[in-house]
Structures are given as structure tokens and as C-alpha cells.
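Below: one structure, written as C-alpha cells.
Read the figures in this text as sums done on the coordinates, not as results from a lab. Worth saying up front: this structure is predicted, and the values here are computed from it rather than measured. Glycine also receives a Cβ, built like all others from the backbone with ideal geometry; neighbour counts cover every protein chain displayed.
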Ligand code: 26Y
């Protein structure tokens, strides 16, 4: 243990801490405390222990006068924090014992914490894993985002259809944050530009305040802690007293309502950019506050702005904070008198941009008139940036074109590095969306394959496997995940494999118990748990999974006494509220589940389960219990995927396409331990050019044709026979995502999975080799790559303890 960690804590001392918080912070006596009180007292007792390492890290950062990393992200999909903090501080056992000595059920208290769901999916969860790794590696860093009052909506099923209700994580006090009322910045919108002595002066029409809330993020073994700083919008004037005095009570609180709207709710759509003014305001709101904050910090330490890039690295998590470029340039010019060319080159040396999608509909573009209305000064600055870019490169790529401001091009031009998130994706970024800019700026695009934090995604979510690994290769793997390779030699040891399987069985039983208690659903723990959990999107092809399920159901009914491998098909995920096709797919999965689960012929062989309201905490139960990981996106569409890594790490082999990081996972685990099927990215493009490719694929596959006919004719929707006619017709007519073309290959590969699963010891060996060989996908490796190739940022902690 390093000098920074506190002395060991006894369970007795820790229960005293909990009781003290119960009394002093919550004003409750143990005999009257509710579950909420115990949870808050436990959280506050843990939080106390983070403060020393946090201060110490700040002191070291200040002394080093080196570089700080600023990670700007619209989304941080954090989940619960009690276990996370306890595990990183090495206090998980102590906390449990302390709480139980006070007569409380630790698991129940932990489960009482609401998920902080300030993100939609992969991009937001990646940001949370990165925060964990930045602290584990001891890299001085701030995460900057928005403190949404309402996180991602809660999903309910009504007769199988998705319904959304507002999420209310802040209805109870948030235990982990420190409010910083003294840290606030004005954020301006609208108004006019006036020319004063040849200079542009922005006279804003509207101003709100961005107010800081800090959450410490402690790394492995408490050796370092960084800050997640989230901004809340507040009015400049709480209350319009003159309106009130005139008796206009609504009008009196109008300024407050308007301002607070900005940080009210997370946009629940990760598919389509619909040009909403409020979203642009959210983006500028948190980006401007963050840039003002980092400049203030830099200047308060006596920095010279010309040397800003030696001290500041700003990472843009997709284009959502791309306004950071013009905002930094604006402040350097307008507030600090820097000359335009130097301001642009200084900003560019600080900034880098991560691209997370090739889907054209998710690449942000703003109507120019809206942009001018909200950010008139930035519109002018972008014109300056564009002119400098055109002059420098002779490029024909414009940032403002056809009446739109293109945020991808803006982010690219203002970044000194642009990265994709898997090897395949980064190649496609070079060849497709940014082909021209890649020629203008050769070498700017690099790859940083995504990763996941092994602390949350193995150590704390899978205690059964964690304990086995500790006993087999020692305990140094959580911050040096490639050590898992040491498990490989045990993969031919029958006793080890038996224990590996026992851990999986424990996790399957845990899932079965949880589902029984939550939804009253009964699972057969001997069946294969086949899991697809992620946002619902056409390109992710949950529909293909369901079509295969129905085809299997047909086959079993045709030959009930065949040699079938029992399966539970588990789905989880939310659809964007306005994404009609995705919601139809959800409805169809639930409709099919109702019919198939009630079929006496197949009921012991096939079951479909779709628990509502999938979130981070549900993933932590589902992933360790999975036998098979579904990663079946249309090749070329999933930038990376990170769920794929979580399943492999927890010993679930993949059935998947050559897409995103699947390619690299397969390289690591070995082709013989990965169930590959489907067209490649190049074949997908070629197939789309063929006439009537979908219709021909359906004609060539009697099995698929039968399933489509059943769905279309209302077999699964007897009360409304035409419910899915449009969905099926869409497949036969366009099928942009090649569900029909990959169906047979997917079905056949699933039958290979059946056969492989029936040989239990061979299957367990395959599962164990997956765990052993995916250590490279730790987000510690990813962050070390960013630090080396993009940020040039040091670690301020010594070498890892052995
Ligand atoms: C602008 C708006 C429409 C928008 C909002 C959210 C656009 C995109 C997003 C989120 C994208 C996202 O989550 N992308 C995922 O990022 C992961 C982390 O890199 C990848 O693993 C995953 O393949 C990619 O879909």
C-alpha cells in the first residue's frame, strides 16, 4: 500500500462511522432509521474515506504543474456507486461486516441506491469507465458534464409495448456529490453582435448560470482520486420581484423555469439529431462552463496562455461538445486579446475528438439560422476557423455548407488528434466519413480501441469468479488485467474448470432468484442463457435474434423429440421514445414471448425473457450469468461495442459478426472460441448494390419465409393481425441492415452453438479461455493509449504495487 492510503479500518470503527452519520448527518436514531437512512449513512461513511486521497491528489497535481486532462461528455452512465467506492477503497468486506453487525442486510442497502443514469448507452458508459481508469492510473483529470435532474427514462411494458416515465434519481439526496455554490459561471445565449472599434462585441440576449457539483472518483486501492464536475443550470435572478409585486406570480418565476430547463433532462435519443434548440443550448451550456473553469484554473496558477497546451488536454466525447473549439478561440480572442491565428493553433493543440459512430443520422448538423440565433459570435468564429483551414490545406471541405453547421467537420478541424474506437471503425472513419479530411490532415486520425473497467465489470459484479481468479493467479489482476492470461494453463485442468462452471452456475442462480423476486419469472438454470442487452436499434438486429428464436420454435414443434439444447433467450434494452421501428421490435419480442412461453410443446426447451427497464445495475446481474453473448450487428455499423468485452471477460463466448471490437476480441480469444457468422463490412456494401437482395434472400430461405409469414399474418398478434405487417414488409422491401441476408448463416451458427454447449466441459473450457484472453480490453489499457498518443499526460503515482 502506498503512503496515500489511510490506515486499515476495522468493522467496529466503520460501524461507529455509520452510526455517527445516521445521527449527525441524517438526524435519525438506529431504531427509527429507514432503509434510505442506512444507505445514506453507509455512503457518507465511505465518502469520508475518499476525501483524503482526493485532497492529496489535488495537492500533487498542483505541485507537479504538469498537464491535466479534461474529458467533456454530454453523458456519464455511472450506475450505483456504493460498491464501486467500497471496492476501490478495499473496504467492501469491512462495510458489509459493519452494516450487518448493525442488523442491516448489506445487499438490500446497496440495492436501494438509484442508478445515476446520465447517459443513453455505450458512449456514456465508456465515459464512466474512463473516469475509473484515469483515477486508477493516477492521471490528473476532470470529467465535465451535465447534472441532469432526470436521467434516462424508465421503461415499462404495457401489453408488450414500451412506455416511458420520467426518471427521478435526485428525488432523494445524492450522497456522493459536493455542491459548489461558489463555483459558477455565466453562460450567454442569443442577442446581437455589434462592431466596436473594428472588433465584434457580443451583446447576449439571455444569460443563465452554470453551477458546479463535484463527485470524487477514486481509483483502485485509493491511490488517486479525480473529480467529476457536473453543471446545473440556475437563473441569474431567482425571482422577478417586480412581476410578483404586480401580482403576476407565474411571470415572476419565469426566469427560473427557463434557466432550469437547460439541465432538466437527458436527451433520450442516440440515433437521430433532430435540431432541437434546447439540445444546442445544453451542449453550449456545459462546454462553455467547462472551458471557463479550466481557463480560470490555469490562469490562477499563473499560466501564460501561449503555453496552454502544455497544461491542458481537452477530449471531446463525440461531437456533442464540439463547440469547445470556437468557445476556446472566442475566449482567447475576445477576453484575452490573443491574435486569431495563434488562438486557433493554441486551441487545436489542446483539443482532441473521439468519433463514436458512422451512422449519418447521428452526425450532428445545426441549421445555420438556428445556430446564428443561439450563438451569433460562435458563428463568426467558425467562419474564421473555416477560412484558416481552407487556407492551410487547400481543402474543399467546408464546415458551414448548404445552410448547416457541421459539427463533425468542426471537431475534426479543431482537433490535433481524431480517434475511432476500434481498429475496424478507425479504418472506416479514414475511408468514409472523414476520407477527405484524412487526406488534408494525414496522420491526424488514430485508433484507440475501447475498454471496460475490470473493477466494476468483474471484481464487483462477479464475486464468484473473482474469488476463483484470486485463488488461482493471485490478487494483482484488477489493475493489470493481462495477468488473466495466467488462467490459460488451468483451462485444461478439470478441477479448475469444474470450479469455473460452479461460479457460472452461482451467477445463473443469482439471476434466476432476482428475476423470480422482481417479475415472478421462473428460469431453468440448466438451460443456456443466451443474452442480448443493449439499446434497441435496427442495426444491432434484435429482430434477427427474434426471427431465429421463432424459427427454432417452429423446428422444435416440428420435431418435439429431437435432441434440443434448452435455451433462455434474454433481451434487455430501451428504444428512443420517437424511434417507431425500434418500438415495434420491442412489442414483437414481448408478443412472441407471450405465445411461445405458453406453448406446452416447447416450454421446457425455449423461453423468451425481456425484463423491463434495462440499466447498468441490471447488466451487472445479467452479464455474469450469461452463457452466450449476442453481438450480431450489421458489419460496419457498430463502432466498437463494449458489452461484447464485458461478456467475454465474464466467461460468455460470443456469437457475432466481424464488426467493431468483435474483430479484436476474436483475435484475442482465438477463432475456435468465437462463433462467427455473417457478411463482412465490405460484403455488406456490395450486397446492398444487388437488386432485390432482401426478396431473394427470403425466397432462398424457406425457414425465414415461414417465420415472416407467421409474423405478418398475425400469429403473434391475434388481437390485431396486421400489427406487424409494416415491419415485415419493410424487411422484404429494403432491409438496409441485411437481416434477411445474414439470417441463414446466423441460424446455422446457432445450431453449432447448441452442439458445442451440449459438451459441457468443452464449453466451460471455451468460456474460461475467453476470460483468460481478454485482459487487453481493460479501459486502463485504453486510457494509457490516450495518455501516450493524444494527451501526452503523465501518471502522478509510482509504479503499481506488486
Ligand atoms: C447527437 C445524438 C443524436 C447522439 C446522442 C448519443 C448521437 C450518438 C449518441 C451515442 C452514441 C453511442 O453511444 N455510441 C456508441 O459508443 C460506444 C463507445 O464508443 C461504442 O462502443 C458503440 O459501438 C457506439 O454505438
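Sorted ascending by nearby beta carbons within 10 Å, beginning with the fewest, 9, 739 become 9, 739. From the largest down, segment 512-657 spans 42, 30, 29 angstrom on the principal axes of its Cα atoms.
Model label sites at residue 65 and residue 203, defined 7 Å from Cα along the beta-carbon direction, differ in position by 4.4 nm. Using the Cα coordinates of segment 584-696, the gyration tensor eigenvalues translate into equivalent-ellipsoid semi-axes of 27, 22, 14 Å, sorted from longest to shortest. Mean separation of Cα pairs under 8 Å and 6 or more residues apart, divided by the residue count, gives segment 442-599 a relative contact order of 18 percent.
Only Cα pairs under 8 Å and 6+ residues apart enter the sum, and on that basis the relative contact order of the chain stands at 13 percent. For the chain, the share of DSSP beta bridges that are antiparallel, to the nearest 5, is 45%.
When each of the peptides 178-191, 346-359 is scored by the mean number of other C-beta atoms lying within 10 Å of its residues, the order from highest to lowest reads 346-359, 178-191. The residue 598 and residue 25 beta-carbon pair, evaluated with R₀ = 41 Å, returns a calculated FRET efficiency of approximately 0.20.
Here the simple spin-label model places points 7 Å from the Cα toward Cβ, and for residue 250 and residue 671 these points are separated by 6.9 nm. Please compute the length gained on full extension between residue 485 and residue 686, using 0.36 nm multiplied by the number of residues separating them and subtracting their Cα-Cα distance. The span from residue 485 to residue 686 would gain 68.5 nm if fully extended.
Full extension of the chain between residue 759 and residue 736 yields a length gain of 4.6 nm, computed as 0.36 nm times the residue separation minus the alpha carbon distance.
Rounded to the nearest angstrom and listed largest first, the equivalent-ellipsoid semi-axes of segment 620-674 from its Cα gyration tensor are 17, 13, 9. When the P(r) of segment 581-624 is calculated, the portion above 16 Å amounts to 51% of the C-alpha pairs.
When each of 196, 201, 109 is scored by the number of other beta-carbon atoms lying within 10 Å, the sequence from fewest to most is 196, 201, 109.
Segment residue 307..residue 390, full-extension length gain: 27.3 nm, with 0.36 nm per residue of separation and the alpha-carbon distance subtracted.
In this calculation the C-beta distance from residue 35 to residue 342 is compared with R0 = 60 Å, giving a FRET efficiency of 0.55.
Note on segment 327-440: antiparallel DSSP beta bridges, both residues inside, total approximately 60 percent of the bridges counted. Hey, what number do you get for the chain at 222 nm if only DSSP H runs of n ≥ 4 count, each worth -39500 (n - 2.57), divided across all residues, to the nearest 500? That calculation yields -14000 deg cm²/dmol at 222 nm.
Compactness ratio for the chain: Cα radius of gyration over 2.2 N^0.38 Å (N = residue count) comes to 0.97.
Per-peptide packing, taken as the mean over residues of other Cβ atoms within 10 Å, places 499-510, 71-82 in the sequence 71-82, 499-510 from highest down.
Rounded to 0.05, the FRET efficiency of the residue 373 and residue 242 pair, given R0 = 25 Å and the Cβ-Cβ distance, is 0.35. Distance distribution P(r), segment 386-438, all Cα-Cα pairs, bin width 5 angstrom from 0: 4, 18, 27, 27, 14, 8, 1 percent.
As a rough guide to protection, the peptides 294-304, 265-275 ranked by mean Cβ packing within 10 Å, highest first, stand as 265-275, 294-304. Average the reciprocal distances over every distinct pair of alpha-carbons in segment 261-320, invert the result, and give the Kirkwood radius in Å. Roughly 13.7 Å, rounded to one decimal. Taken over segment 117-204, the percentage of Cα pairs per 10 Å bin, counting from 0 up to the bin with the maximum distance, is 12, 24, 28, 20, 13, 2, 0.
If you wrap the tightest convex hull around every Cα atom of segment 15-139 and split its volume per residue, you get 120 Å³. Once you divide the Cα radius of gyration of segment 300-417 by 2.2 N^0.38 Å, the number left is 1.04.
Here the spin labels are modelled as points 7 Å beyond Cα on the Cα-Cβ line, and at residue 179 and residue 102 they lie 2.4 nm apart.
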